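Colleague: One structure is given below, represented as structure tokens, and several questions about it will come after.
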Amino acid sequence: MPIAELSGAVQYVMDLLGIFAFALSGAFLAVRKDFDIFGTVILSEAAGLGGGLFRDLVLQVTPVAFTDLGYFFTPCAAAAIVYFGHRLRHDDKADQSRLFDISDAAALGLFSVTGTIKALAHGLNIPAAVTLGSASAVGGGVLAHLLALEQPMLLRWNRDLYALPALAGAISAALLYSTGLLNVGTAIGTSLFAFGLRLLALRYNWRTPRARFWRNPFAGLRQQLPTVKPAAGSAPSPSPSPSTEADTIMLRSPEVDTSTEADTSTLPASATETVSLPPIDARPLVDRGDRVLPPAQPPRPGRDPRLLLRRPARGERRERDQPPQGE
């Protein structure tokens with residue numbers, strides 16, 4: 001099937017399915033953040049149409065979201081289903097973001113393929129089409145998280161693979177196009193492949209490795225030799241004052257055998273690393289000049305703050321005023 005016919009016949013349906021799935025994820029995010037109906041619709045529109053708007057602006061074409069009402073009302077339907085769905089709002093799966101992750105993964109697989117197909121149909125080369133297809137797949141989720149004041153999953157190392165499934169779907173679609181095997185079946189299969197890769201990453205917690213600096217934060221620090229103990233009978237050197245003294249921590253490399261206690265002075269220089277930490281003066285945190293207890297509740301306008309101090313209850317006052325029984 002030619003790329004123009006494929007992009008016109010299949011892309012509309014796949015776009016609507018991807019928009020609906022992304023809009024569901026944006027609506028779940030809005031409900032989890034306790035937004036009202038307007039906030040839910042805005043997040044649904046941003047999640048469903050954000051990636052497509054970015055793709056069309058790069059291609060210098062009129063965004064279809066402003067020319068086709070189906071693209072506009074699909075996120076509204078998803079927002080209404082999530083917001084007014086009583087069982088969805090009180091479901092444990094929705095609270096644990098399982099439905100959010102599943103719908104987001106489905107939209108990720110669909111948009112990675114449709115964005116690549118549309119970029120190829122407009123004459124972009126394969127690397128540019130792969131980049132634009134991946135950006136259109138992750139753009140809606142990034143925009144929705146930014147509107148909700150959350151760090152996007154695309155930028156977090158402690159979240160499962162997010163950009164890699166979109167990149168895999170876009171590369172697969174571009175390779176099928178270059179070999180002449182891109183048709184309706186292979187396009188749907190590529191979307192399912194990216195969707196399944198995202199689900200496997202969620203199931204088995206597949207993540208990208210962290211930077212080497214954070215895996216070994218003391219790798220770039222200068223190694224310091226331990227201080228030499230004074231000889232017996234000699235006058236000890238005066239120690240610095242506590243305000244300027246730095247704390248010293250000795251770290252031992254994992255390859256050193258720590259099963260038996262051994263003298264650290266006999267270890268080689270490469271086996272231990274000494275790091276000096278800056279001093280911390282804790283006296284301002286301990287010695288507080290104000291000893292006045294704060295009021296039980298913040299003062300209201302027009303009321304005397306002295307009246308808000310805790311008063312003894314009526315029973316406590318009665319027991320305090322009564323004399324002891326022995327008198």
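The values are calculated or read from the model by the stated rules, or taken from the named source; none is laboratory data. Model, not experiment: these values are computed from the prediction. For neighbour counting, all protein chains shown are included, and Cβ atoms are generated from backbone atoms with ideal geometry for every residue, glycine included. These accessible areas exclude ligands, DNA and RNA; they are computed on the full protein's heavy atoms, side chains included. Shrake-Rupley method; radii C 1.70, N 1.55, O 1.52, S 1.80 Å.
Colleague: So, of the residues in segment 186-207 that are assigned to a helix (DSSP H, G or I) and of a type in the set (Lys, Arg), which turns out to be most open to solvent (accessible area, probe 1.4 Å)? Before the answer, list the steps.
Modeller: Of all residues in segment 186-207, those assigned to a helix (DSSP H, G or I) come to 186-204.
Within this subset, residues satisfying the condition of being of a type in the set (Lys, Arg) are 198, 203.
Values: 198: 4, 203: 159 Å².
Out of the qualifying residues, it is 203.
Colleague: Does segment 45-83 hold any residues that are without any contact (Cβ under 8 Å) to a residue 24 or more places away in the chain and among the hydroxyl-bearing types (Ser, Thr, Tyr), and which are they?
Modeller: Matches in segment 45-83: 62, 67.
Rundown of residues vs (1) open to solvent by 70 Å² or more (accessible area, probe 1.4 Å); (2) among the aliphatic types (A, V, I, L, M), yes/no style:
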site	(1), (2)
146	yes, yes
153	no, yes
158	no, no
165	no, no
172	no, no
175	yes, yes
179	yes, no
183	no, no
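Colleague: Which of the residues spanning segment 45-63 are open to solvent by 30 Å² or more (accessible area, probe 1.4 Å) and not in a helix (DSSP H, G or I)?
Modeller: 60, 61, 62
Colleague: Pairs, please: C-beta under 7 Å, at least 6 apart or cross-chain, first residue more than 21 Å from residue 123 (Cα to Cα) and in segment 1-18, second hydrophobic (A, V, I, L, M, F, W, C) and modelled with pLDDT of 60 or more?
Modeller: Note: pairs meeting the criteria are 17/110; 18/107; 18/110; 18/111.
Colleague: Can I ask one more? Select from segment 14-44 the residues that are charged (D, E, K, R) and either over 17 Å from residue 151 (Cα atoms) or open to solvent by less than 10 Å² (accessible area, probe 1.4 Å) (or both) and write down the one among them that is modelled with the lowest pLDDT. Give the derivation first.
Modeller: Taking segment 14-44 as the starting set, the residues that turn out to be charged (D, E, K, R) are 15, 32-34, 36.
Add one more test, that the residue is either over 17 Å from residue 151 (Cα atoms) or open to solvent by less than 10 Å² (accessible area, probe 1.4 Å) (or both), and what stays is 15, 34, 36.
Numbers: 15: 85, 34: 88, 36: 92.
Within segment 14-44, the match that is modelled with the lowest pLDDT is 15.
Colleague: Shifting gears a bit: Go through segment 163-185 and report how many residues are touching a residue at least 24 places away in the same chain (Cβ under 8 Å) and assigned to a loop (DSSP other than H, G, I, E, B).
Modeller: So the answer is 2.
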